[in-house]
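Colleague: First the structure, which I've put down as structure tokens, then a few questions once you've had a look.
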Amino acid sequence: MKRILVIHTGGTISMSEDKDTGKVETNSEHPMHRHQQFIQSLGDITEINPFQVPSPHMNNQYIIKLKNIICESIKNNEYDAFVITHGTDTLEETAYLLDLTIDTELPIILTGAMRSSNEIGSDGLYNYVSALKVASTDDAQNKGVMVVFNDEIHTAKNVTKTHTSNTSTFQSPNYGPIGSVTKTHVSFHHKPFPYKKYPEINPNIKIGIVKAHMDLSSDLLNFFVDYKYDGLIIEALGQGNMPPTALEGIKRLIEADIPVVMVSRSLNGIVGGIYAYDGGGYQLQQMGIILSNGLNGQKARLKLLVGLSNQLTKDDLVQYFA
């Protein structure tokens with residue numbers, strides 16, 4: 001049996017609904033603990049609760065703690081796989097930051113729930129069991145950090161939360177899942193492309209995100225210069241274009257030597273230096289904006305955080321995001 005470390009961190013999967021008020025709150029005991037006899041049949045499982053926070057409370061310090069737990073366990077050869085239960089709002093960010101910084105062939109899997117443990121149609125136990133099934137298969141090795149949810153296996157790089165309440169919320173736009181889970185099988189049909197890992201995470205680095213819109217004022221972009229941010233992600237229009245009203249602010253960011261990474265606010269597709277009009281992607285790239293290959297804004301922010309934490313140069317960052 002595989003030695004699996006389960007790290008419970010909180011989120012809806014750890015909560016119950018108050019039948020009188022409808023409020024959802026954290027339980028004193030994690031609901032997954034009630035199914036020990038069945039859970040232990042899926043592997044040699046050790047469960048720990050290093051902290052208990054709702055998903056919007058997750059931050060770099062908590063993720064560094066998770067990373068250190070996993071890396072120390074890998075160093076000591078204590079476990080064959082890792083499963084993390086997590087709230088769904090920031091689950092994709094935790095998954096991707098761990099994927100960017102942990103270099104291992106061992107499976108690291110995140111899962112959670114959209115419905116609390118006592119709601120009709122609760123999905124927590126089912127997703128938890130599915131994650132353990134994936135963790136226990138040899139085929140899960142060398143796949144990077146994965147998210148297992150609603151019978152599907154997704155890469156940390158591509159997965160995102162697409163619905164506020166639907167149990168099939170986690171999808172991978174452009175790419176789809178890399179595998180599936182059934183009652184009897186775990187099947188992989190794609191293998192993610194490996195990329196270089198950088199281990200350092202500096203929680204003091206400040207990186208903002210701006211979503212582009214018609215008539216975006218340079219005043220908003222000037223804020224990140226005035227308050228000495230270390231980097232900025234712009235969720236640009238279409239294939240990577242900005243309104244001309246934002247150009248002065250972008251120019252000031254570049255002159256202040258603040259790395260600016262551009263993604264698209266569109267759900268699918270990637271940005272490119274295509275259009276040569278004022279504010280077009282070609283002009284922005286010539287000005288010094290870094291183009292990101294298909295990441296969403298929150299993922300690009302984490303990638304820039306890791307790049308800056310590991311002292312990558314501007315040229316390095318261009319290649320890092322290519």
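The values are calculated or read from the model by the stated rules, or taken from the named source; none is laboratory data. Everything numeric here is computed off the predicted structure, so don't read it as measured data. Because the Cβ atoms are built from the backbone with ideal geometry, glycine has one as well, and the counts that use them run over all protein chains shown. Protein only, heavy atoms only, side chains kept; ligands, DNA and RNA dropped before computing areas. Shrake-Rupley method; radii C 1.70, N 1.55, O 1.52, S 1.80 Å.
Colleague: Considering the chain as a Gaussian network with a 10 Å cut-off on Cα pairs, which listed residue, 64, 13, 84, attains the greatest mean-square fluctuation?
Modeller: So, out of 64, 13, 84, the one fluctuating most is 64.
Colleague: Measure off 7 Å from each Cα along the Cα-to-Cβ vector at residue 293 and residue 59, then give the distance between these two points in nanometres to one decimal.
Modeller: Each label point lies 7 Å from its Cα, and together they span 3.4 nm.
Colleague: Given the rule -39500 (n - 2.57) for each run of at least 4 DSSP H residues, summed and divided by the residues of the chain, what is its mean residue ellipticity at 222 nm, to the nearest 500 deg cm²/dmol?
Modeller: That calculation yields -8000 deg cm²/dmol at 222 nm.
Colleague: I've got another one for you. Which order do peptides 179-188, 283-292 fall in by mean Cβ count within 10 Å, highest first?
Modeller: Top to bottom by mean Cβ count within 10 Å: 283-292, 179-188.
Colleague: A further question on this structure: Taking only the alpha-carbon positions of region 128-206 and ignoring solvent, what does the Debye formula give for the base-10 log of I(q)/I(0) at q = 0.15, 0.18, 0.24, 0.26 Å⁻¹?
Modeller: Debye intensities relative to I(0), on a log10 scale: -0.59, -0.79, -1.14, -1.25.
Colleague: Here's a follow-up. Calculate, in nm to one decimal, what residue 118 and residue 165 gain on full extension: separation in residues at 0.36 nm each, minus their alpha carbon distance.
Modeller: 15.3 nm
Colleague: Can you give the % of DSSP beta bridges in the chain that are antiparallel, to the nearest 5?
Modeller: Just about 35 percent of them are antiparallel.
Colleague: Quick one: the Cα spread of region 13-157 along its three principal axes, in angstroms, biggest first?
Modeller: 47, 34, 26
Colleague: Suppose a student asked you for the relative contact order of the chain, using Cα pairs under 8 Å spaced at least 6 residues apart; what percent would you report?
Modeller: 14 percent.
Colleague: Could you sort 229, 282 by their accessible area in this structure, using a 1.4 Å probe and putting the largest first?
Modeller: Solvent-accessible surface, decreasing: 282, 229.
Colleague: Moving on to the next point. Answer rounded, prolate or oblate for region 1-84, using the Cα gyration tensor with square roots of eigenvalues a ≥ b ≥ c: rounded when a/c is under 1.5, else prolate when a/b is larger than b/c, else oblate.
Modeller: Since a/c reaches 1.5 but b/c is at least a/b, the shape of region 1-84 is classed as oblate.
Colleague: Another question, then. Pick from 226, 20, 89: which is most flexible by mean-square fluctuation in a GNM of the chain where alpha carbon atoms under 10 Å apart are linked?
Modeller: Of 226, 20, 89, the most mobile in the Gaussian network model is 20.
Colleague: How big is the accessible area of residue 73 in square angstrom, nearest 10, if you roll a 1.4 angstrom probe over the protein chains?
Modeller: Surface accessible to solvent at residue 73 totals approximately 10 Å².
Colleague: Candidates (1) 125; (2) 145; (3) 137; which is the computed volume of the Cα convex hull per residue in Å³?
Modeller: (3)
Colleague: Considering amide H positions built from the backbone, and no H for Pro or chain starts, which residues 5 or more places from residue 157, or on another chain, come under 5 Å of its amide H?
Modeller: none
Colleague: Using Cα positions and a limit of under 24 Å, work out the lysines in reach of residue 314, with same-chain residues fewer than 8 apart set aside.
Modeller: The reachable lysines, counting only those whose Cα sits under 24 Å from residue 314, are 157, 196, 197, 206, 211, 228, 251, 299, 303.
Colleague: Go through 112, 233, 177 and say which Cα lies farthest out towards the positive end of the charge dipole of the chain; charges sit on Cβ, +1 for Lys and Arg, -1 for Asp and Glu.
Modeller: Working it through, the farthest residue towards the positive pole turns out to be 177.
Colleague: Given a Förster distance of 56 angstrom, what is the FRET efficiency for residue 268 paired with residue 20, based on the Cβ-Cβ distance and rounded to 0.05?
Modeller: It comes out at approximately 0.85.
Colleague: Further, regarding this structure: At R0 = 30 Å, how high is the FRET efficiency between residue 41 and residue 105 if r is their beta carbon distance? Nearest 0.05 is fine.
Modeller: 0.75
Colleague: Kindly provide the trypsin sites (Lys or Arg not before Pro) of region 197-261 that DSSP labels as loop, not H, G, I, E or B, and whose Cβ sees at most 16 other Cβ atoms within 10 Å.
Modeller: 197, 206, 228
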